[in-house]
Amino acid sequence: MVKDAKINKYFVIDFDSTFTKVEAFDVLADIVLREHPDSEGLKKRIAKITNLGMEGKLSLRESIDKRLEILQPEKRHLTPLVKKLKDLVSDSFKRNKEFFETHAANIYIISNGFREFIEPVVTEYGIRSENILANEFIFDEREKVIGFDLDNPLSANNGKVEQLKKLSLPGDVYVIGDGYTDYEIKHAGLANKFYAFTENVERASVLNKADHVAPSLDEFLYLNKLNTAISYPKNRINVLLLENVHPVAIELMKSEGFNVESYPAGLDEDELCEKIKNVSVLGIRSKTQVTAKVIEHANRLMVIGAFCIGTNQIDLKAATKKGIAVFNAPFSNTRSVVELAIAEMIMLMRNIIDKSAKMHEGKWDKSAKGSFEIRGKKLGIVGYGNIGSQLSVLAENLGMKILYYDREEKLALGNATKCKSLKELLTQADVVTLHVDGREANTNLIGEAEFSWMKKGVIFLNLSRGHVVDVKALRASILNGKVAGCSVDVFPYEPISNDEEFVSELRGLPNTILSPHIGGSTSEAQENIGNFVPGKMMDYINTGSTSNSVNFPNLTLPTLENAHRLIHIHNNVPGILAQINKVLADNGINIVGQYLKTNEHIGYVITDINKEYNKDVIKDLRAIEHTIKFRVLY
């Protein structure tokens, strides 16, 4: 067998639950037993046998015999098995395909599984056929499995040890696996280190015997300074997700390999200051306040994801100054907020809230007094962004006449009419609904004067931000009849968790709907947000892309191949790009591609360079004056 004389490191890798996410026998059971009346029961028996074998509590040959006896597979079952296994290769193995191709001569797949399904999967990663050591099935003339090669050492206990002895590899040997049989190689003195691979499964009996726990292949490659697709293993990147973000977000971040911690509620400033010290990725909703003090304590924070539309709960200036990118979900819950606004204005126009309350008290108040259709009424939309404009379209389709006001120039949709001033809108509208952002300038946007401009009997909705309405003025306007119906979903102060009492001057008022900031809280919206925000954060971490960032210059970057990507964040002062390029030129580094964008505060430079470079160049780039953050992406 030909070995690369330049490399004296050999890598022995297990197949089941290491190279792939699953035990192949479990997948085979799904295929073979699909139509069996006791399919689930038999699959549980097989899984139990597999685990007993992996934990060293059942002899290997007995484990194989028992599973084959239950399954009775045929050759025709192997084609769909291989197809499924190819889709179930471990994520960290997929993203480090280059490692297998580069070190193909020194990588061995040694498994107690079977060559018939292992070889087609691993050879696609450049692993040599002769470096695959595994069991082999025996078929009868009808292509049914009737046994396996009992002369193969891998069919019996200690088989991996016997195979390693035969190989007599002339160098350091590193074993990566999830089972007791992988540990036995190290125990026999045939390997330098055993890495317990836990990306897919953790076995306590194996973890206790490992030299190192590898939550992913990235971790193994990082520790051994081997070529890898990333500059830092993702399992070392800590993610903190607060306020009960949708489970899909947690799953996405975990499947990418990050170390994820989640909490059902928000944290106050002091709690978050303590918790955030070693966090690189923070995910929040609207309650958590990411203040300048919190950001000051965030020594490793790279990115913040707001799982909502607004970002006023984040000190964007402080985040930008520290080179922390911020992303939100500007579109994901738009429809949910719009539907709630329409539903509430109909309920309020019909005075359903008070009538319902009377019904619960046993009072039958059948009357059309104070009850109106929304058709033909004038809807005044304050804030014509993503929500306001979509509300405009749906409300017009219901027969309403649309007026809107926005400080910025916005294109009218349908037959909507733009008002030149807020006063012009408020004096005409039968229904006023707020959809402005949470910037400080919008504080008390609607106060005593603005309520005085409104029509008597106006319907008023605030589904934007709590501080944009003077609550005392709103209460007075409800009590004096100026506002005939009111719906409020957001408040100047909101409880940090469901256990805290909600206190407001608006409680107990007539024809008033109060809801706990749930405008975007539908299953559809939360799932959309749960997919969108992690996607943006992972794009930033994986490629440097800042598309849709609320505080960074927006750059959408091409996929990088055969190069390193350097990310340089700096204060927006002249000459930084020239200094970056001088450092690269002085070190003889060829630039493959370069991208620069700035905003008022920072400059963002992405430089793709040839793979070969002097590591001292990193130190020189970090030392450039006005540098905020620098990282090597690959």
- Note on the structure: A careful count of residues in the stretch 48-91 that are at pLDDT below 90 and part of a loop (DSSP other than H, G, I, E, B) gives 5
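Yes/no matrix, rows are residues, columns are (1) touching a residue at least 12 places away in the same chain (Cβ under 8 Å); (2) assigned to a loop (DSSP other than H, G, I, E, B); (3) in the same structural domain as PHE93 (by TED's automatic domain parsing); (4) not polar (S, T, N, Q):
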| residue | (1), (2), (3), (4) |
| --- | --- |
| VAL206 | yes, no, yes, yes |
| VAL213 | yes, no, yes, yes |
| ASP218 | yes, no, yes, yes |
| GLU243 | yes, yes, no, yes |
| LYS254 | no, no, no, yes |
| ALA265 | yes, yes, no, yes |
- Task: Can you tell me which residue within the stretch 92-104, out of those that are buried (at least 18 other Cβ atoms within 10 Å of the Cβ) and part of a helix (DSSP H, G or I), is farthest from the chain's Cα centre (by Cα)?
- Result: PHE100
- Considering the stretch 479-514, residues that are without any contact (Cβ under 8 Å) to a residue 40 or more places away in the chain and among the hydroxyl-bearing types (Ser, Thr, Tyr), and then whichever is nearest to LEU445 (Cα to Cα), we arrive at TYR493
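Table: residues versus (1) in a loop (DSSP other than H, G, I, E, B); (2) under 36 Å from the mean Cα position of the chain (by Cα).
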{"site": "SER389", "(1), (2)": "no, yes"}
{"site": "LEU394", "(1), (2)": "no, yes"}
{"site": "ARG407", "(1), (2)": "yes, yes"}
{"site": "ALA412", "(1), (2)": "yes, yes"}
{"site": "ASN415", "(1), (2)": "yes, no"}
{"site": "LYS420", "(1), (2)": "yes, no"}
{"site": "GLN428", "(1), (2)": "yes, no"}
{"site": "THR433", "(1), (2)": "no, yes"}
{"site": "VAL436", "(1), (2)": "yes, yes"}
- Given (1) within 37 Å of the chain's Cα centre (by Cα); (2) outside the structural domain of LEU282 (by TED's automatic domain parsing), number of the condition GLU527 does not satisfy: (2)
- Set GLU55, GLU23: member being of a type outside the set (Lys, Arg), under 23 Å from ASN157 (Cα atoms) and without any contact (Cβ under 8 Å) to a residue 40 or more places away in the chain: GLU23
- Do you know which of the residues in the stretch 341-399 that are of a type in the set (D, E, K, R) and surrounded by 13 or more Cβ atoms within 10 Å (Cβ to Cβ) is nearest to HIS435 (Cα to Cα)? GLU344
- Positions within the stretch 173-200 being part of a helix (DSSP H, G or I), free of Cβ contacts under 8 Å to residues at least 40 places away in the same chain and in contact with a helix residue (DSSP H, G or I) (Cβ under 7 Å, 6 or more places away or on another chain), in sequence order: TYR183, GLU184
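The values are calculated or read from the model by the stated rules, or taken from the named source; none is laboratory data. Because the structure is predicted, anything quoted here is derived from the model rather than measured. Ideal geometry is used to build each Cβ from the backbone, glycine not excepted, and the neighbour counts take in all protein chains shown.
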